Amino acid sequence: CLDSIFSQDYPKEKLSVLIVDGGSTDNTLQIANNFGAKILFRPDLRNDINARGVIAMTLPETDIVVFYSADNRFQEKDCLRKLIEPLSDPGIVASETFRYGFRKSDPILSRYLALIGGTDPIAIGLGKADRAPHDAKHWNSFGECYDTGDYFKVKFSTDISKISTIGSNGFAIRKELLNKFGVENIGHTDLCVKLIRGGCNTFAFIKERHIIHYIDSNMIKFLKWRIFYADCCSSLKIKRIYYPFTIKDLPRLALLILINLTFLVPFIRSIKGFLAKPDPAWFLHPLACFVYTVGYGF
């Protein structure tokens, strides 16, 4: 992760990396020290992802803050520079990549999640994915879209049911907006909802540059992480603004559950995707839809 950051074609004197560590017991701290990253060691927040996120958002003094997780990798050497370029437009509040990065050499689960356009087939089925699948050529999510050539400029409405799960995995935002709107113990999409409701509703999604979401585990282990993450972000533990589905989405959710348990429609989706961008990882989709539906149901 750090190698992909420090090898970017970006002025090193303008780059500052802060790690809010939740109590690592492996070689994480040694590796971070070797790269010269700033470390805030908070083992007391080991299982409090959101509290560590608040610290990561509030401490930096740079003009722009990029939320970047340990399983993220910049695919191209100029990805960071291209990610920040749209912010030269004063009307754009934040930016992220249009797709996740795809490499044939990556583990099959990484390739699958990149191909379908997100880390959660349930959210994708509800149309709430934060990235586009690799067989999509144009912006096909919510909001009013204008194609600038290098990126899609998207203006979101305040209707929560029409906001994608944006705000993570290489999300660049103006620090002044974090100061203006305040950062509470909320999720990344909740932050975006606050911005949108406050009139800062235009985001950039850059094309032809990618951030890889590197998942080096099997599906069951990753699902357990997703369930843990969902528990950390539950309304019982933090004050939520955004929910992946609302009352408006219930009919679609019910249909999606039925579809995911039958395997047929997800299998057809796999074939469609494979024909557009051939890779056997597409055929994880029926299994993933089934396992996620059962796991979240549990």
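Provide the per residue accessible area, probe 1.4 Å, for the range 165-272, rounded to a whole number of square angstrom. Mind dumping the intermediate values first?
On the way: 5580 Å² over 108 residues.
Roughly 52 Å² per residue, with all protein chains present.
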Legend entry - Spin-label model distance (nm) - Glu184 vs Lys162, 7 Å beyond Cα toward Cβ: 2.5
Inset, instruction - Evaluate the distance, in nm, between pseudo-label points positioned 7 Å from the Cα of Thr58 and of Phe41 along their respective Cα→Cβ axes. - result: 2.2
Inset, instruction - Any chance you could check the Cα centroid distance between the range 199-234 and the range 240-298 for me, in angstrom? - result: 16
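Could you tell me whether the chain comes out rounded, prolate or oblate from its Cα gyration tensor? Rule is a ≥ b ≥ c as square roots of the eigenvalues, rounded for a/c under 1.5, then prolate if a/b exceeds b/c, otherwise oblate. Working shown, then result.
Working: a/c = 1.33, a/b = 1.28, b/c = 1.04.
Rounded is the answer for the chain, as its axis ratio a/c remains below 1.5.
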Inset, instruction - Be a star and scan the range 64-97 for residues whose amide nitrogen sits under 19 Å from the point 7 Å along the Cα-to-Cβ vector of Glu13. - result: 64, 81
Inset, instruction - Treating the angle as unsigned and between 0 and 90°, give the value, to the nearest 10°, between the Cα long axis of helix 285-297 and the longest Cα principal axis of the chain. - result: 80
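Compute the FRET efficiency between Lys155 and Ile247 as 1/(1 + (r/R0)^6), taking r as their Cβ-Cβ distance and R0 = 22 Å, and round to the nearest 0.05. Numbers along the way, then the final one.
Working: r = 24 Å, r/R0 = 1.11.
Result of the calculation: an efficiency of 0.35.
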Inset, instruction - List the GluC sites (Glu not before Pro) within the range 49-111 that fall in a DSSP loop (any state other than H, G, I, E or B) and whose Cβ has at most 14 other Cβ atoms within 10 Å. - result: Glu61
Legend entry - Fully extended contour minus Cα-Cα distance, from Asp216 to Ser105, at 0.36 nm per residue: 38.8 nm
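With loop defined by DSSP as not H, G, I, E or B, and exposure as at most 11 other Cβ atoms within 10 Å, which is the longest segment of the chain clear of exposed trypsin sites (Lys or Arg not before Pro)?
Details: sites that count: Lys104, Lys137, Lys239.
My reading of the result: 1-103 is the longest stretch.
Using r as the Cβ-Cβ distance of Leu264 and Asp135, and R0 as 25 Å, what FRET efficiency do you calculate, to the nearest 0.05?
Details: r = 19 Å, r/R0 = 0.76.
Once the sixth-power term is evaluated, E becomes 0.85.
The values are calculated or read from the model by the stated rules, or taken from the named source; none is laboratory data. Here the structure is a predicted model, which is why all the values come from computation and not from measurement. Neighbour counts run over all protein chains shown; Cβ positions are idealised from the backbone, glycine included. We work out accessible area using only protein heavy atoms, side chains counted, and drop any ligands, DNA or RNA first. Shrake-Rupley method; radii C 1.70, N 1.55, O 1.52, S 1.80 Å.
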